[in-house]
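Colleague: Following this message is one structure expressed as structure tokens.
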Amino acid sequence: MSRRALVTLVALTLVGCGQPTATTGPTASPHHTPTATPKPTPPPTPTPLPPPPNLPGAGGINVVAGFSAYSYARRAGTTTSMAFGPDGRLYVATQGGSVEVVASPGAAPQTLVSGLPIALGLAFRGSELIISVRGSLRSYQLSNGRLSGGHVVVAGLPVGRHQNDAVLPMPNGDVLLGLGSTCDVCNEPDSRNASVLRFHSDWSFAGFAVRGTRNPYGLALRASTGDAYVMINGQDNLGAQPADHLLRVVDGEDAGWPRCWPAFPDGSLHGNCGGVAPPVAVFTPHSSADGVVIYDGGEFGADYADNAFVTEWGANAGGPIGRRVLRVVLSGSGASEHGQVSDFATGFSHPLAVTVAPDGGLLVGDYGTGQIVEIFRTS
């Protein structure tokens, strides 16, 4: 903001000199310079927003003020997970066991791999594409726009009511994998179930990151801190309890299932909860709060840095529960970390996969319609 110097007025006094008997002449009047009126400080020029994507609007999707929704791709199938490859293209896993690629915004999805078991997780580690399919992890190499390999790197994962879900490469080369329970509530014969597992970069087992997670569907990395977060689906047989919840991953912690659960909406723990880690944020019971990404783009503005975005797939029994994207503002640290939850986008059939696009937009894959929506800041 510019500053102006104030003009100082100096009065010049003229002294008359002469003989004692002389008559003193009149004193000359000082010359006054008027003070300049300060000009108002102009308002700061707002940072111009990037142009919105050259895409058609996504009809029926409602977003918070200042944002708009566009149709990034259609007919992508039952999208379960998405990630951008090192070539800048969007790769998509589907429940039907295929891997698709969207070469550019607005392009039609092309199938690269098909015939896999149910695929619920997908992530890149350099040029390696890791796919989490029912009972195993598979590794592909991306070269010249093609995928090769597909060999099993982790086999024999126990499955049942749930299976292995999201896969997340970590900055140190390790890989996290969410593995769901075989039941709603039970004592698992295989300790790997209902856990977040850790593998070394060579795929040797490195231990348990989190136990007691029932169905740890989504995993996300907070790039600014190197921390991972996991989305956990609560059990079904307790009516309006328990809540689905978000937890920061700390090796060796216990999320409580099946003996303890967080309540909605205050996140208080109920049951036999000794040694159980409290939730960072809680979500509507039975809403299948599944997909999660920590926003690390610049397009949404500073207020959205390190916010989590969570997709609620909705209830298996149908009805209006869920079917939306939520914003979670994270604050605090350690045991005092807390997430403030609010609606961000509604109007989906069953939103599930979520990721951040290279242009800073938020991509949401609608499992129910096969549409991939990009949400972009427009004001």
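Read-outs throughout are calculated quantities, based only on the coordinates presented, and are distinct from any laboratory measurement. Keep in mind that this is a model prediction, so the values were computed, not measured. Here the Cβ positions follow ideal geometry from the backbone for every residue, glycine too, while neighbour counts run over all protein chains shown.
Colleague: Translational diffusion coefficient of segment 64-179 at 4 °C, 1.567 mPa s, Stokes-Einstein with Kirkwood Rh over Cα pairs, in µm²/s as a whole number.
Modeller: Rounded, D is 88 µm²/s.
Colleague: When Rg is the radius of gyration of the Cα atoms in segment 333-379 and Rh is its Kirkwood radius, what does Rg/Rh come to?
Modeller: 1.08
Colleague: Say the dipole of the chain comes from +1 at the beta carbon of Lys and Arg and -1 at that of Asp and Glu; which of 99, 180, 261 then lies farthest toward its positive end?
Modeller: Checked the options; the winner is 99.
Colleague: Here is a follow-up. How long are the three semi-axes of the equivalent ellipsoid for segment 62-377, computed from the Cα gyration tensor as the root of 5 times each eigenvalue, in whole Å, largest first? Provide the component values of the computation, followed by the final result.
Modeller: Values: eigenvalues 146, 111, 66 Å².
Equivalent ellipsoid of segment 62-377: 27, 24, 18 Å, largest first.
Colleague: Report the Rg/Rh value for segment 214-287, based on alpha-carbon coordinates and the Kirkwood definition of Rh.
Modeller: Values: Rg = 11.9 Å, Rh = 12.4 Å.
Result: Rg/Rh = 0.96.
Colleague: Can you give me the C-alpha center-to-center distance between segment 224-301 and segment 101-138, rounded to a whole angstrom?
Modeller: Result: 26 Å between the Cα centres.
Colleague: Please report, in debye to the nearest 20, how large the charge dipole of segment 62-377 is about its Cα centre when each Lys and Arg carries +1 at its beta carbon and each Asp and Glu carries -1 there.
Modeller: Roughly 600 debye, rounded to the nearest 20.
Colleague: Explain nothing, just the number: relative contact order of the chain, from Cα pairs under 8 Å at least 6 residues apart, as a whole percent.
Modeller: Relative contact order of the chain: 14 percent.
Colleague: Quick query: amide H of residue 153 versus all other amide H atoms, modeled in the peptide plane; which residues come in under 5 Å with a sequence gap of 5 or more or a different chain?
Modeller: Sorted by chain and number, the residues that satisfy this are 137, 138, 139.
Colleague: What does the extension gain come out to for residue 65 and residue 191, with contour length at 0.36 nm per residue minus their alpha carbon separation?
Modeller: Here the answer is 40.8 nm.
Colleague: In addition: Could you order the peptides 129-136, 361-368 from most to least packed, using the average number of other C-beta atoms within 10 Å per residue?
Modeller: Most protected by this proxy first, the peptides run 361-368, 129-136.
Colleague: Using only the alpha carbons of segment 142-201, determine the length spanned along each of the three principal axes and report them from longest to shortest in whole angstroms.
Modeller: Each principal axis gives a Cα extent; for segment 142-201 these are 47, 24, 15 Å.
Colleague: Turning to a different aspect of this structure: Each residue of segment 253-264 in turn: what ³J(HN,Hα) in whole Hz from Karplus with 6.51, -1.76, 1.60 and θ = phi - 60°, glycine and Pro shown as x?
Modeller: Karplus values, whole Hz, x for Gly and Pro: 7, 10, 8, x, 5, x, 8, 8, 8, x, 8, 10.
Colleague: How far is the Cα center of segment 172-192 from the Cα center of segment 330-348, in Å?
Modeller: 25
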